[in-house]
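Contents: one structure, followed by commentary.
Only the coordinates and a few stated rules stand behind these numbers; no lab work does. Quantities reported herein were computed from a predicted structural model and do not represent experimental measurements. As a convention, Cβ positions derive from the backbone with ideal geometry for all residues, glycine included, and neighbour counts pool all protein chains shown.
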Amino acid sequence: MRKTGLTALLFLVLIGHPAARMAETVSGLLDRYSRGQFDEAVRAAAAVKDVDALVSVLTRQGPNWSDADRSTRQHRRLAIAAFTLELTHARMQQGWSEWQAMRPVLEWACTLLRTAGPPTDGERRWHLAVISLAGRVRDYGSLSATPPGWAQHTFAHLSLSELRQRVEKSEHLAHAWQRFPNEPRILLAAASMAGRFGADAPRRYRDGQPVQRQPASNAWLTTALAALQPLADDPGVGVDVMVREGRIQYALTHFSEALALEQSAAQAAHDSPEAYLAHFLAGRALEAMNDRAAAVAEFERAAAIRPRAQSAALAVAYDRLLASTGSAAAAVMPALASHDEFDDPWRLYDYGDYMYWPERLSALREALK
């Protein structure tokens, strides 16, 4: 019966239908999503011929659906917000313009949550998932067409209190911060905005020379460091901050400082994405210092943590080709079989928290069960 009902709903959605029936479709999709049929509901919504019409009905009728049962109002509003976020992710597969179209809808969903009652852990998970998805387009969570004004200027120092003040001037992040003033990843998202102009720094040096792009402006790299510094000792994001600081020191060609930071991060990160990044970036620093044996050891440690990550596997294979030792093909075969962008955190490094999207989405869905 469940399969038959879903098939019927998909049929109505796929063939297109007048606005009078769109509200019924939206209500049905929300019902299914709130009952845990997440993938089915999102696929059906993304398949609608006129998705803009669906979104229009969603924003008009969503509050009526959520408030139909006052005893579950907060939970149902969280379902609307999560559904909207997943629909945004589905639409983003079609290009940047879809993110632009959905930004105000996400802000609408944020308003729904903020007016539903006291902050909940589910709402916190939603905000973290928004920050994660926004990283894919280097928005970092402001949900704005342009970065906030304060992030468009360089600076050499920033205190924790000053960083908090800047979060309050950061569009959507300000709303999240008002609800969750003890969540360090909101502060880290703001710090990422400040350093975004350093993203074009070379991704690799060899023997002290840039292999790819020329160094970014030192002023912007210094700004990126200054924005991260207030969070260096935060137990929630301190390891992540060390990895990022090491990456910036590397871009500044301060290879010894970069190595020390990455090695400290690796010791604290265990088997997380940060551990992979720390070992991989430590290898890059050693490579730039012309210590190839130590560099390869770090690349191998990174590959052991993420066998399907292509960046570390290719670095190991490259060394084997140079040294004519071992099988270069064996080093890369598991990674070459990977078609999942989340297998390699380094490939997503410049996109903020997007590397955490699968786990953030999973945590959000868990809050709805």
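Which FRET efficiency value, to the nearest 0.05, do you get for residue 67 and residue 47 by plugging their Cβ-Cβ distance into 1/(1 + (r/R0)^6) with R0 = 35 Å?
Plugging the Cβ-Cβ distance into 1/(1 + (r/R0)^6) gives 0.80.
Sorting 343, 69, 240 on the 10 Å Cβ count, fewest up front, what's the list?
Listed from fewest to most nearby Cβ atoms, that is 69, 343, 240.
Could you work out how much longer the chain between residue 155 and residue 114 gets when fully extended? Use 0.36 nm per residue separation minus the Cα distance between them, nm to one decimal.
11.5 nm is the gain from fully extending residue 155 to residue 114.
Among 245, 171, which comes first, second and so on when ranked by fewest other beta-carbon atoms within 10 Å?
Ascending number of Cβ neighbours within 10 Å: 171, 245.
At R0 = 35 Å, how high is the FRET efficiency between residue 164 and residue 93 if r is their beta carbon distance? Nearest 0.05 is fine.
It comes to 0.50.
Rank the residues 115, 88, 120 as a footprinting-exposure proxy: fewest other Cβ atoms within 10 Å of their Cβ go first.
Numbers: 115 9, 88 21, 120 17.
Ascending number of Cβ neighbours within 10 Å: 115, 120, 88.
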